[in-house]
Amino acid sequence: MKNPFQDFRSVQYRKREIPLDRIVREKEETLELLVQGYLQLVEEEVRDLVWLVEESKVEKAYNAAIKRIDGSQYDPDDIDEFCALLDSSDKLPYLISGPAGIYISALVNCAREDHIVLSPKDYERSFHFLGYKLPEGKTLVLQGDVGDFAGSGLFGGRLIVEGSAGNWCGAGMMKGEIRVANNTGQNTGEWMRGGEIHVDGTIQSVGTKFYGNTGYRVLFGGKIYQKGKLLVPRALVKE
Amino acid sequence: MPQETNGALRETAHDIHRYIGDNLYFSRPDLEVKGEKFNSALLLTLLTGLRQGKALIIGEPGLGKTTSAEYVCSLLYRVPLGTIWGSEVSGHPEQTEEKIIGRPDLGRLNQGEEVVVWSHFVLLPTKIVDEINRLPETKQSMILDGVDRGNWEYLNDSVINREYCLFATANYQDGGTNTIIAPLIDRFDIMVESKHPGPNLAFHIGMTGANGSGLRNEELERGLHRVLNQRGSYEDRMEQAEELCNQFGEALTRGPGVRTLSRSDRETIRSQMDEIPFDVDANAFLRLVLSELSFCYHYGQRRFHEGCADGCHFTSYLCHTVRNCISNRFPKSARALSQALAWFLGEEQVGLEHLRAILPFTLAHRIQWKEETMARREKESRQDPLPIYMAKEAVREMHRRYIEQAPQLKSALAAACKITDGEALEPTQGDHPIYWEIRRDLGEEVLDR
Amino acid sequence: MTGRCPEDEKGTGVRKDWDALLREVWAKVREGHLFPELPQPEWSDGQERVALEIKDKKIALSRPFVERMSENMAEAEVMEGLLDHAVSHHLSCPWDFPTHMRLYGEAKKTLKEPRLAQLATDYFMDVVADTYVMRQRETPLPKLYEQLQRDRVDEAIHALYQRIWGVDLGIEGHETISRRLSRIPYLDRQRWTDSIRRFSKVLHSLLVEEEEEQDGADEDNPMGNHDLQQYSAQEVESGLQDLAREAASPAEFKEIVEDFEEEILEATEPNEEGMGLGPGRSLDADVLYYMKLAENYALPVCTMPTRKSGSLYPHHHAPWEVGMPYREIDPWTSFGKIMPGITQIWKRREGDIFGEEEDVPDCLIMIDSSGSMPNPKRHLSYAVLGAACAAEAYLRRDARVAVYNFSDAHVGGRRNLNYTDHRFDIYSSLCHYFGGGTRLQIEDIEALQRDDVPDIFLITDMQITNLAALIELFKERANRVTAVHIGDNDSVRTFRRSMAPRKNVSIFAVEDKQSIPAIVLGKVKEYLYS
């Protein structure tokens, strides 16, 4: 049979490559890895169709995320782009704010860089759990408003929110520092065990979780400042 | 063929072109190729004549459609104008096969012999049908085979023209005209408009008139008339006619001072044209054009009676705007005319620019646009009649798409060549219909299931 | 301008023929870009600072600029670089007017400020165009950029070029910005909307600083401004059509178009037909939106009607049989013999020829703009769009259109427009929104009746207070009436019952408003094309 393409037999076409091709290609490959990791995480997490905020579940999701990320090479720009990808969810089959935020936090925590800046102000959606378990030596700057549980479980790192935070900001944080430029929501510092939260705006309410059966309102260490003034710890208040 | 002969023949063709443009057919340039400006009707008619092609010339009445064809035929084929006039077929409803093609020799018929008296239209290599769209459709069907292959049959006899070109003229549709049937219109290589030359040239025409008298020679016309009316074999008569035509050629060189082409010259030119290769870009571009005009993801190929499926992905390509599938005569016409143009310009290869200049004229009469497509464009300002304008816009669009992905397309074609030869490569995946068609040619099932 | 200078500056005695040099360089550039459809560029005595100008696809190179640059580079190289840049804008980005507007729209969504959005769009288009050239062929563009004067944004862009092209343009710094910008897939056309958003975000702070420093002064881009003059009037017009079709709402269309109002007017040279504007008028983006959107709903080309010619023509031969008349015998094909089996007769048929175009009646459009109908300036109103489609169809057939836009007609909530072919006035009347009650003035409608019985299109939700009067009017009239109503209610049922015996009245109920244009067009097609 006649080869209808024989006129092109001698065409030795080699595309001119410029560094942009390599940069974009590498970036796409990295993002693809990150996306796959996220999708696998979500598939596991939403097997029961409902994702509830419980400490054990959050911890489990975080560990699963760490496992998926382990060994991946990425940089803060990749994290930022991944967030943008999550935000325009027409590219991903589903977005669940909780696991998404946990996954992003895992990415931040495992990144090589110590200083990472993300821009929630550019996103339409709110991500929760940003800054979850941020370790010592790491600084995470969030430009814009963030969702709930920002900086929860903070583990020595420095979280700076250049906007407002949602409810349960700094919940269960162990050590480290959270700075919020505007306001925080309810239950700020709930279950807090150490570290400092500085809020330059208003705090809707401070966490009042009972721990144990002592009947006392207790915050287990840590300090909350509002507009530079120490707000808690206050004296133990009997219920 | 030595370069000197190449150049000399080309110079002769240019001479003829110049002579017609300066003395006979006054017109404004409306086509630019490689920095040179031409009048499309004159240039393409000339190239069609050289290439043994068929041209449909449209235009308003009195704008030189028929006369331009007559001048080109006369000078290219060395046929006196009077002989050409005598051989023209005019389109009107009373035309019969006997008037167009031939009739029985009545004297011999009464003696019981079937001998055909062929019309001059059939015998001469230059064929002009004036106002072809005034021929009723049944009469148009009658001349299909002759128009297509130069094969004319009547009773039990036939004539196969050794060389011929056909020019048909058509006015725009008005009361009293028919459409040209689809099989006939597809056989034309090009459609071109003979435009108004503008008021200044029109004034000049009115004052001085085109001087076609230089293309007449009564003595030779009488001689040709005698030869054509003889009862000998077609071949004998053509030999004799050629001698007379060559005499006419000499008279043209002596008189008006224009060189002309003999039959062997014309054959040489045609073989020179045939040898001009397509460069890689022109080759790939033509394939891209063919793909856009034949592809249908849903139905396998374009068909006139099958509209586009809902939600078709390929809405940005021409396959979405046309109704019919492009015929295989189109690439033949495109090849022939673009090689002719390249030869005329003295180029060694057919390139994108040649193809881009020629394609609209080879497509204008072959594409049937969807109504909504035509409705969107009909009110746009333009310099050409709507079919030619839309063909030009279509070629422009496809060319832009080609420019964008030329390297990838050529790469895909090269890869396909290697795959066909047995190499284990992956065919290129792309959005454009050409990539889908390449994969289909390589045996993949790519269509909508 | 002849392009010749009297003496070559270097005194070699060789005259520099600028025109010839430009022709030579252009031929090379054109071939390298696979013969784009652009006319021969020209020289201009432009500014020394601005290298080129593109107007309606015509490229003009600034001779002072080229002369200045040729102190460090060969003239041919300067020209080649400039032409590569200009051609690439035509071939890759923005490619056409709708793409330009789309990019601007995305940039504006990110940056909010029109001026910043324009700057970001211009820079983005430059990056894409230049990167396209770098990928396609060897070009002296990097050498050219090395010589150019740069402000801070230019430096950042050139730092980007250093990364993505792998060349050294002598820039230091701008590491973070260039790194972030280098990750954008500039050459992937499908992702330009995302890309320009990211591009704008990254460049935002730098653009703001630059704007503040310049204090609002418009600094020309050395590589030529990206104004709308580079597009032909026809491109702008058809681009507006595409934009109207793709815009999510009239407000989105308006936002983009109003930012370019001056340039659109300049580029299109207001004409009554295309833009429906009169001299001295400004662009009405709401009206323009519906005008351009309606142009997307094109009706078929009016083909000449065919009719029988009234004459019989010989059509084909048939065998003669004994008993058949002799007068149809064809002696030629019968060879002069009258004999069954040999003799043939002509069968004649009437031919089909083209007839005459019939007159098209004028059209009266009655459109309800009461409070229950959507405000066409805020949301896409399919009612207005349907009315616009009908108007467009009649205007194309050289008929005229009258508009009766009604709400509380008895207290002035009405707008009458007498028969006209002035597009702007028609669309203006259609787009007007009263938002009050729903009551017609029958006298107004009577005043718009004519002897030649115009077609009537009524688009309403039928909750008309004086519906009975309207019914009586239609009963008395012979106009072809198409009533399109949205929803179902008692008034609708009353109207249907009353109009049932009337053959000239067609009523369509619409559940999905999006089908209004199709219904209207269907009826127009029936009226005008059958």
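For region C:149-164, the candidate set comprises residues that are surrounded by 22 or more Cβ atoms within 10 Å (Cβ to Cβ) and either among the polar types (S, T, N, Q) or within 12 Å of chain A (Cβ to nearest Cβ) (or both); within that set, the residue that is nearest to C:Lys112 (Cα to Cα) is C:Leu160.
Scanning region A:96-115 for residues that are out of contact with any His (no Cβ under 9 Å at 6 or more places or on another chain) and closer than 18 Å to A:His128 by Cβ gives A:Ile96, A:Pro99, A:Tyr103, A:Ile104, A:Ser105, A:Ala106, A:Leu107, A:Val108, A:Asn109. When B:Arg237, B:Arg303 are screened for being charged (D, E, K, R), crowded, with 18+ Cβ neighbours inside 10 Å and either part of a helix (DSSP H, G or I) or not assigned by TED's automatic domain parsing to the domain that holds B:Trp85 (or both), only B:Arg237 passes. Taking the criterion of being aliphatic (A, V, I, L, M) and at pLDDT below 75, the residues of region C:216-273 that qualify are C:Ala217, C:Met223, C:Ala267.
Checked against (1) out of contact with any strand residue (DSSP E or B) (no Cβ under 8 Å at 6 or more places or on another chain); (2) more than 14 Å from every other protein chain (Cβ to nearest Cβ); (3) over 19 Å from C:Ile196 (Cβ atoms), C:His100 passes all but condition (3). The residues on offer are B:Arg376, B:Arg366, and the sole one that is closer than 30 Å to C:Gln241 by Cα and within 11 Å of another protein chain (Cβ to nearest Cβ) is B:Arg376. Regarding B:Ala406, is this residue surrounded by 15 or more Cβ atoms within 10 Å (Cβ to Cβ), more than 10 Å from every other protein chain (Cβ to nearest Cβ) and touching a residue at least 40 places away in the same chain (Cβ under 8 Å)? Taking the combined requirement at face value, the residue does not satisfy it.
Checking each residue in region C:407-441 for being in a helix (DSSP H, G or I), farther than 13 Å from C:Leu364 by Cβ and among the hydrophobic types (A, V, I, L, M, F, W, C) picks out C:Ala409, C:Val411, C:Phe424, C:Cys431. Within region C:481-490, restricting attention to residues that are at pLDDT below 85 and not β-branched (Val, Ile, Thr), the residue that is farthest from C:Val520 (Cα to Cα) is C:Asp490. Annotation: of all residues in region B:328-338 being out of contact with any strand residue (DSSP E or B) (no Cβ under 8 Å at 6 or more places or on another chain) and surrounded by fewer than 24 Cβ atoms within 10 Å (Cβ to Cβ), the one that is farthest from B:Glu267 (Cα to Cα) is B:Asn328. If you go through region B:283-319 and keep only what is out of contact with any Asp or Glu (no Cβ under 6 Å at 6 or more places or on another chain) and of a type in the set (S, T, N, Q), you end up with B:Ser294, B:Gln301, B:Thr315, B:Ser316. Of the residues B:Leu341, B:Leu355, the single one that is closer than 25 Å to B:Asp431 by Cβ, crowded, with 16+ Cβ neighbours inside 10 Å, in the same structural domain as B:Trp436 (by TED's automatic domain parsing) and at pLDDT 95 or above is B:Leu355. Of the candidates B:Arg226, B:Arg231, the single residue that is on the phi < 0 side of the Ramachandran plot, part of a helix (DSSP H, G or I) and assigned by TED's automatic domain parsing to the domain that holds B:Val122 is B:Arg226. Those helices (runs of 4 or more DSSP H) of region B:342-449 in which 3 or more residues are over 30 Å from B:Ile269 (Cβ atoms) and hydroxyl-bearing (Ser, Thr, Tyr) occupy B:386-420. Note on region B:120-161: enclosed helices (runs of 4 or more DSSP H) holding 1 or more residues that are modelled with pLDDT under 90, more than 17 Å from the chain's Cα centre (by Cα) and not polar (S, T, N, Q) are B:137-142.
The values are calculated or read from the model by the stated rules, or taken from the named source; none is laboratory data. Because the structure is a prediction, the values reported are computed rather than measured. When we count neighbours, we look across all protein chains shown, and the Cβ atoms used for this are built from the backbone with ideal geometry, even at glycine.
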